[in-house]
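Have a look at the structure below before the remarks.
Rule-based calculations on the coordinates, nothing more; no lab input. All values reported here derive from a predicted model rather than from experimental measurement. We place every Cβ from the backbone using ideal geometry, glycine too, and count neighbours over all the protein chains shown.
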Amino acid sequence: MTPRVRFAPSPTGYLHVGNARAAVANALFAARHGGTFLLRLDDTDTERCRPEYETAIAEDLRWLGIAWEGEPLHQRDRLDRYAEAAERLKKAGRLYPCWETEDELKFKREQRLKRGLAPIYDRAALALSPEQREKALASGRPPHWRFRLSEGQAVWNDLVLGHRAVKLGAVSDPVLVRADGTPLYTFASVVDDLEMGITHVIRGEDHITNTGVQRDIIAALGAKPDAMAFAHLPLLVGAEGEPLSKRIGSLSLRAMRGDGIEPAALVAYLARLGSSADIAPAPWDELVAGFDFRAFSRSAARFDPAQLLSLNCKVLHALPFEAVRERLPEGATEAFWHAVRGNLDMLSEARHWWDVVSGNIIPPPIDEAGDRAFLADAAAALPAGAYDTTTFRSWTAALTEATGRKGRALFHPLRLALTGEEKGPELKDLLPLMGRDRAYSRLALAAGGVS
Ligand code: GLU
């Protein structure tokens, strides 16, 4: 069976790591099996959904390098499909009208809790006599509609979590249609998954109860719940095992992008987090080839920003020029990128090194008189002519010969004077980039002379 999967965010906020993990898993799984990946916007909640979030979701997915087939699908374009499915459920006696207000429901929940009962819906509306129901329908106050859940359990073999069972008696009959006629996610999602031919529903473990309920709805609509496979990824938790929900703002893809996280690092991280595969930089094709639900642990995965940052460094150090060209300072060359990439924690630091080789810097004063004298000699000994990556070596060999300096005594004052930094990319690579004149004035300035 060729998989057909969907990533179905609600445009009620920006994508965060939790959503992104589901998106990555769906995309890798589809790619691994030659399947199709759809982007569906679960946007029936008109009060909370915003067009700007929709645009942001598409942008963030593109940034991650995830492509979907065709145009994004919108639930709000399919309201007639949900209405038709709701009619079928009404005819089958599975969707029943309810008139309780929010306050009444809240009161009932509190009463049940006081009596030590689970705060689920008591099915009072289902117990109305036909006359009472007719009367209520005739009153003109529109009802909301609940789905009558089956007895017993919904059971399935989850591709990640193994055997799973949801006791339907322990769950409230879900509202599928609001009083204003709009469908809720639980329902719209089932209708879409069936009509769009979704073969695998891949999402977070927080949807386990939904899956139990949705399998019951699938059966009530006359389809086979087992025709669709379910894979639930265990939750992400913080380094201390705490829920990530409190920090989710800072864990939005936008915030991470702003912090300098590379998409390739985030994808590699999310593709393997919580699985037995090594977390290491890996190109997309390798992540695809190795993607397997069976490698995932059934317990929560720790999202560790330090681990992500270290992966980010490794990814950055190996990025080809073409991948960063647009984000480098204007004029930056491939030679520059190769010289500096191995020293960056974040791409944004490239700006500083660009100033070092092509702009102005203010180096710290050189305290030692001996070092200052040495730098004056070094300036005078700078070779003439074109510079390449061998220039530094011949120049410093000549300096050793003339002054007897080697090791740190030789390199440290040169580095400080030329770059203003204690550490950084190899001077042999930086020197030809900065050129003789810039090198000369910095050395002369540090030596205390006039540049
Ligand atoms: N809109 C739901 C969410 O963002 C979709 C869950 C699903 O994949 O069915 O949680």
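Residue ranges 345-354, 320-329 sort as 345-354, 320-329 when ordered by packing (mean number of other C-beta atoms within 10 Å per residue, highest first).
When each of the peptides 266-273, 54-61, 167-174 is scored by the mean number of other C-beta atoms lying within 10 Å of its residues, the order from highest to lowest reads 266-273, 54-61, 167-174. Which angle from 0 to 90°, rounded to the nearest 10, does the C-alpha axis of helix 185-195 make with the longest principal axis of the chain? Roughly 90 degrees between the two axes.
Once you list every other residue whose beta carbon is under 11 Å from the beta carbon of Pro364, what net charge do they have if Lys and Arg are +1 and Asp and Glu are -1? Before the final figure, lay out each step's value.
Numbers: positive: none; negative: Asp367, Glu421, Glu422.
Here the charged neighbours net out to -3.
Projecting the Cα atoms of Leu15, Asn26, Thr55 onto the charge dipole of the range 1-56 (Cβ charges, centred on the Cα centre) puts Asn26 farthest toward the positive pole. In straight-distance terms, cross-link reach from Lys224 covers every one of the lysines whose alpha-carbon lies under 29 Å from its own, apart from those fewer than eight places away in the same chain; here that gives Lys90, Lys91, Lys167. Per-residue ellipticity at 222 nm computed for the chain from its helices equals -14000 deg cm²/dmol, with DSSP H segments shorter than 4 residues left out and the rest contributing -39,500 (n - 2.57). Summing +1 for each Lys or Arg and -1 for each Asp or Glu, what net charge is found among the other residues whose Cβ lies under 13 Å from the Cβ of Leu375? The answer is 0. Where does helix 17-32 land angle-wise versus the long Cα axis of the chain, in degrees 0 to 90, nearest 10? Approximately 90 degrees, to the nearest ten. Straight-line cross-link reach from Lys406 at under 20 Å between alpha-carbon atoms covers these lysines, not counting any fewer than eight positions away in the same chain: Lys423, Lys428.
Please work out the Cα center distance from the range 325-341 to the range 267-316, rounded to the nearest Å. Their Cα centres are 28 Å away from one another.
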